[in-house]
Structure formats: C-alpha cells, structure tokens
1. Are there chymotrypsin sites (Phe, Trp or Tyr not before Pro) in the range 79-126 that DSSP puts in a loop and that have at most 15 other Cβ atoms within 10 Å, and which ones?
2. When the chain is fully extended, how far beyond the present Cα-Cα distance does Thr59 get from Lys106, taking 0.36 nm per residue of separation?
3. Just in the range 18-64: which GluC sites (Glu not before Pro) are loop by DSSP and have at most 13 other Cβ atoms within 10 Å?
4. Per residue, what volume in Å³ does the Cα convex hull of the chain take up?
5. Any of Lys54/Lys88; Lys21/Lys64; Lys31/Lys92; Lys64/Lys91 with alpha carbons more than 22 Å apart? Name them for me.
6. Report the label-to-label distance for Asn71 and Asn38 in nanometres (one decimal), using points 7 Å from each Cα along the Cα→Cβ vector.
7. For the range 16-73, just say rounded, prolate or oblate: build the C-alpha gyration tensor, square-root its eigenvalues into a ≥ b ≥ c, call rounded for a/c under 1.5, and beyond that prolate if a/b exceeds b/c, oblate if not.
8. Among rounded, prolate and oblate, which fits the range 54-126 when a ≥ b ≥ c are the square roots of the eigenvalues of its C-alpha gyration tensor, a/c under 1.5 means rounded, and a/b larger than b/c means prolate?
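Derivation of every value follows stated rules applied to the coordinates shown; laboratory data play no part. Everything numeric in this text was worked out from a predicted model, so none of it was measured. Glycine also receives a Cβ, built like all others from the backbone with ideal geometry; neighbour counts cover every protein chain displayed.
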Amino acid sequence: MKKTRNTQKQDYVIDILTNAKHTMSVEAILKAMPIKVNKTTVYRILERFAEKGKVHFVTGEDGKAYYALCNDCNVKHEMHNHIHFQCKSCKKVTCLPYEIEVPELKDFEVQETQFLMIGICDMCIS
Ligand SMILES: [Zn+2]
Ligand SMILES: [Zn+2]
Ligand SMILES: [Zn+2]
C-alpha cells in the first residue's frame, strides 16, 4: 500500500520522538523533520497521537508543551503516571522512570495528568 503524505509525516514524527533522548517541543520536532511541514500539521499529528495514547506531553516552566513517546507509560484514566524533570539551565525536559501513585477522583473527569519537577539536571550540575 502506498503511503499517503500524511502517513509519511506521522512516521517521521514517531521516528524523531523514538530517537529523542528527551522530550521535544513542537519547534524542536519541526526542526528535526526531514521534509517541510508546517507547525499546525505537526500539532495535529501530536494531538492525534496523544488521543490514541501513543505520545504524552507535559507543560514546561516556559509554558511550552514537551512531547514524548509512550513506551512504558502506565496509562490509566489518561494518566501517564511518571515524573518529568525540567532543567532550568539547559531547559531539557526528561521523562523519569518514577511512578506516582495517582488517586482516583470520584465525580471528576480527568483529561490530562502532568507531573513536573524543576531544578538542575545531572548534566548541568557537575
Ligand atoms: Zn505516556
Ligand atoms: Zn540541564
Ligand atoms: Zn514522560
């Protein structure tokens, strides 16, 4: 089956996130794309993947959304239950393999869950 241009773009986004060591902002993904794509398209692709549970994002201190692939996410009620860390020095946002016990909220509809810790990362501290 011949791939449509849109599928190709989606594949590139997945490839970029797969190879990324840290979470990536939309701007960073856009820069890493091997073909010319506009920002709205990348946003839409990420939005769709987030709905499907393929990627998750966390909002950084700078207000930007940082995306990562869901590899080992324990996704329950839209919760990607691990911690993220943003370094104040290099600005990188990293997924950390520490799970958080998330309470079940009765009578609330949870749509997103984000956990962000802010400080200085291991690369910048030494
Ligand atoms: Zn996730
Ligand atoms: Zn750092
Ligand atoms: Zn994460």
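1. In loop regions of the range 79-126 (DSSP not H, G, I, E or B), the sparsely surrounded chymotrypsin sites (Phe, Trp or Tyr not before Pro) are Phe108.
2. Extending this stretch completely gives an extra 14.4 nm.
3. Here the GluC sites (Glu not before Pro) that fit, given the DSSP loop and packing criteria, are Glu61.
4. 132 Å³
5. Violating the 22 Å Cα-Cα cut-off are Lys54/Lys88.
6. Output for this residue pair reads 3.4 nm.
7. Rounded, because the longest to shortest axis ratio a/c is under 1.5.
8. Prolate.
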